[in-house]
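Beneath this line is the structure, given in structure tokens, with notes to follow.
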Amino acid sequence: MYEHLETAENRDSLKRVVVDPVSRVEGHGKVTLLLDENNKVQQARLHIVEFRGFERFIQGRPYWELPVLVQRLCGICPVSHHLAAAKAIDQLVGIDPAYLPVSADKLRRLLHFGQVLQSHALHFFHLSSPDLLFGFESDISKRSIVAVLSEYPEIGVQGVKLRKYGQEVIRMVSGKRIHGTGAIAGGMNKSLTKAERDYLLEDIDQMITWAEGSVALIKKVHCSNLPYYDDFATIRSNYLGLTKPDGALELYHGGIRAKNEHGETIMDHIDYCKYNDYIHEEVRSWTYMKFPYLLSLGQEQGWYRVGPLARVNNCDYIDTPLAEAARVEFKAHSGEAMVHSTLAFHWTRLIEVLHCAESIKVLLNDPDIMGSDLVAQGEKRYEGVGVIEAPRGTLFHHYQVDENDIVTKANLIVSTTSNNMAMNESVRQVAAEYLSGRELTEPLLNNLEVAIRAYDPCLSCATHAVGKMPLQLELIDAEGKLIDKLVKHSDGQIERDNA
Amino acid sequence: MPKPVLLFGYGNLSRGDDALGPLLLEYAESHCGLDEVEVLTDFQLQIEHALDLESRRLVLFVDASVACVDAFDFTVLEPARDKSYTTHAMSPAAVLDVYQSIKKQTPPPCFLLSIKAEQFELGDGLSVNAETNLVEACSFAGRLLSNPDLGFWLKQVNAV
């Protein structure tokens with residue numbers, strides 16, 4: 001591992017390189033490298049502007065507002081927050097998951113599959129395929145979806161349409177593209193009409209075919225240079241996520257399972273309402289983002305990865321046939337109990353796209369999604385925990401309310417926080433193995449971004465300002481003087497500002 | 001068939017002045033005749049929004065902008081590969097470029113109404129200045145929507 005690169009000795013005498021902000025990552029990320037006079041990396045850190053203010057934003061509001069309100073926390077994964085909050089407030093009205101009406105449960109799952117499908121499709125086709133198809137150090141003008149659309153038009157169009165299809169599933173189930181009120185405390189506020197169901201069925205076979213094609217594509221890309229793909233940014237870690245009671249892959253509801261780097265079970269079938277007994281968060285002075293860890297292993301050994309790689313590694317099987325066949329192939333390629341390749345996040349992401357497409361078809365053919373028994377009500381409680389497998393990993397929402405139904409306490413652990421230590425480790429691995437001792441160039445620094453992007457971190461603020469996300473590289477000498485500055489635009493334009 | 005005019009406001013209602021785009025849509029829905037106009041909103045623009053441009057005669061994007069000099073700005077959009085390709089939030093010009101790449105044809109006439117914004121903190125309401133700017137922009141948008149004609153809109157570009 002590369003923990004020795006978290007904090008360097010003699011920091012004041014080192015050159016500082018800042019990659020700020022990291023592009024094709026939602027929100028604002030920054031990489032700082034401290035180099036000695038021989039350009040050897042002595043310290044590497046990924047700093048992230050955390051989801052600050054979430055809890056304050058939620059506290060003081062009546063609980064029934066939460067499924068709509070929390071969508072505004074993040075413009076990238078609003079449905080994930082919507083469903084995690086809904087699961088938590090189910091408990092506030094006395095409804096445990098087993099007692100949610102069957103139709104409501106299936107509609108929520110359909111909504112979630114649509115969300116995961118569109119999120120993964122966006123990440124692979126739009127944000128990562130340029131690197132994977134053209135190379136990490138390729139000409140910068142090629143590293144965009146437009147270049148993919150030009151040179152691989154079929155793949156580019158499939159990405160756009162897969163994304164669109166997932167959005168349409170969301171729109172049909174929740175009534176709107178955004179701000180929908182699909183899930184409410186104890187159930188759902190609408191079911192699908194036959195016309196809506198038939199509309200979604202029209203294209204689902206095409207989506208499954210394209211999803212299969214995307215799995216074949218990533219397998220080909222990954223295996224075309226196996227030693228490199230299996231090594232780049234790769235770290236050995238623990239993995240955490242939800243699984244079904246029989247160990248199958250689960251995205252909406254299940255027990256917590258954690259395995260170590262050898263595939264040995266650390267814990268299994270844990271009731272997520274008791275997450276506080278198993279997971280703690282550590283604070284470090286140099287970043288706003290916390291570092292979660294498994295209490296049983298401690299801060300040093302207990303960090304873990306979440307997301308598609310963790311889920312596919314952790315599960316015993318996938319309950320849709322095409323995705324299961326893809327999982328078996330994926331696991332076989334490494335020859336180990338767990339696949340640790342960070343770039344394998346892409347492969348597993350596309351296996352999940354296929355699983356989602358297959359699962360959507362199953363649900364669309366299930367008459368329960370057009371059912372009328374949609375809401376259950378029980379006895380009021382004062383605390384609720386909702387956990388789902390969001391596209392980027394396990395997402396925790398935890399609320400307490402008072403006698404007036406006002407939220408008095410909120411705690412969120414988002415997927416990107418869980419991957420914080422892992423992303424830092426991957427950055428250090430790349431810095432140590434690929435950058436150290438070489439002259440720093442833009443393509444080399446893109447390697448750092450590739451490592452981070454594999455995790456699909458969401459640092460969303462959902463606020464945008466046109467043109468606010470260039471990539472800036474600054475080289476600062478030991479006296480703190482700016483000696484070189486590189487601004488990269490995604491259209492290939494590079495501006496150099498020699499101070 | 002989709003309606004011939006698309007009014008697409010984007011932003012986050014809970015992020016201070018970022019709400020300007022969606023709020024202008026609320027104004028249009030309550031004050032303007034929308035027989036020919038489809039109203040769409042999202043948090044931010046993405047690749048799939050290129051497909052929303054299909055079969056339109058006119059498209060009006062509405063967004064908050066810190067770059068505006070006056071209360072609002074009204075410009076013609078052209079397809080462009082700009083910096084926003086590398087983020088989850090694309091610019092309207094980049095969306096037009098994706099449309100061109102997918103459809104192999106020029107996108108419909110598209111315009112951007114930018115409303116001057118100042119603050120974007122989670123949980124904030126509109127700033128005082130943004131409230132004033134929104135009123136002016138709504139009045140302007142109302143004139144556009146009651147005259148959904150390319151020639152008229154182009155004249156307004158020059159007038160602002």
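The values are calculated or read from the model by the stated rules, or taken from the named source; none is laboratory data. Predicted, not measured: the structure shown is a model, and the values here were computed from it. Cβ coordinates were reconstructed from backbone atoms using ideal geometry, including for glycine residues, and neighbour counts include every protein chain displayed. These area figures cover heavy atoms from the full protein model, side chains too; ligands, DNA and RNA do not enter into them. Shrake-Rupley method; radii C 1.70, N 1.55, O 1.52, S 1.80 Å.
What the table below lists for this structure:
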quantity	calculated
Residues located in segment B:1-15, provided they are within 14 Å of another protein chain (Cβ to nearest Cβ), of a type outside the set (A, V, I, L, M, F, W, C) and under 16 Å from the mean Cα position of the chain (by Cα)	B:G9, B:Y10, B:G11, B:N12
Qualifying position, being open to solvent by 10 Å² or more (accessible area, probe 1.4 Å), within 13 Å of chain B (Cβ to nearest Cβ) and at pLDDT below 95, among A:R56, A:R45	A:R56
Segment B:25-42, residues that are away from chain A (no Cβ under 14 Å), surrounded by 16 or more Cβ atoms within 10 Å (Cβ to Cβ) and either on the phi > 0 side of the Ramachandran plot or hydrophobic (A, V, I, L, M, F, W, C) (or both)	B:A28, B:C32, B:V37
Condition met for A:V414 (closer than 30 Å to A:A185 by Cβ, buried (at least 21 other Cβ atoms within 10 Å of the Cβ) and either in contact with an Asp or Glu (Cβ under 6 Å, 6 or more places away or on another chain) or at pLDDT below 90 (or both))	yes
Residue count, segment A:155-169 (criterion: away from every other protein chain (no Cβ under 11 Å) and at pLDDT below 95)	1
Yes/no for A:L201 being surrounded by fewer than 17 Cβ atoms within 10 Å (Cβ to Cβ), of a type in the set (A, V, I, L, M, F, W, C) and modelled with pLDDT of 95 or more	yes
Segment A:314-333: number of residues that are among the charged types (D, E, K, R) and more than 9 Å from A:I351 (Cα to Cα)	4
Test: residue in segment A:406-423 that is more than 14 Å from the chain's Cα centre (by Cα), part of a helix (DSSP H, G or I) and of a type in the set (A, V, I, L, M, F, W, C)	yes
From the options B:N147, B:N133, B:N129, residue that is surrounded by fewer than 18 Cβ atoms within 10 Å (Cβ to Cβ), at pLDDT 90 or above and within 25 Å of B:S14 (Cα to Cα)	B:N129
Residue ID - farthest from the other protein chains (Cβ to nearest Cβ), chosen from residues in segment A:105-137 that are open to solvent by 10 Å² or more (accessible area, probe 1.4 Å) and out of contact with any helix residue (DSSP H, G or I) (no Cβ under 6 Å at 6 or more places or on another chain)	A:D105
Residue list for segment B:35-73, filter: in contact with a helix residue (DSSP H, G or I) (Cβ under 7 Å, 6 or more places away or on another chain) and touching a residue at least 60 places away in the same chain (Cβ under 8 Å)	B:V37, B:L58, B:L60, B:V62, B:A64, B:A71, B:F72
Qualifying residues in segment A:71-85 (those that are at the interface with chain B (Cβ under 10 Å from one of its Cβ atoms) and of a type in the set (A, V, I, L, M)) - the one nearest to A:G384 (Cα to Cα)	A:L73
Qualifying position, being outside any helix (DSSP H, G or I) and farther than 25 Å from A:V450 by Cβ, among B:D63, B:D52	B:D63
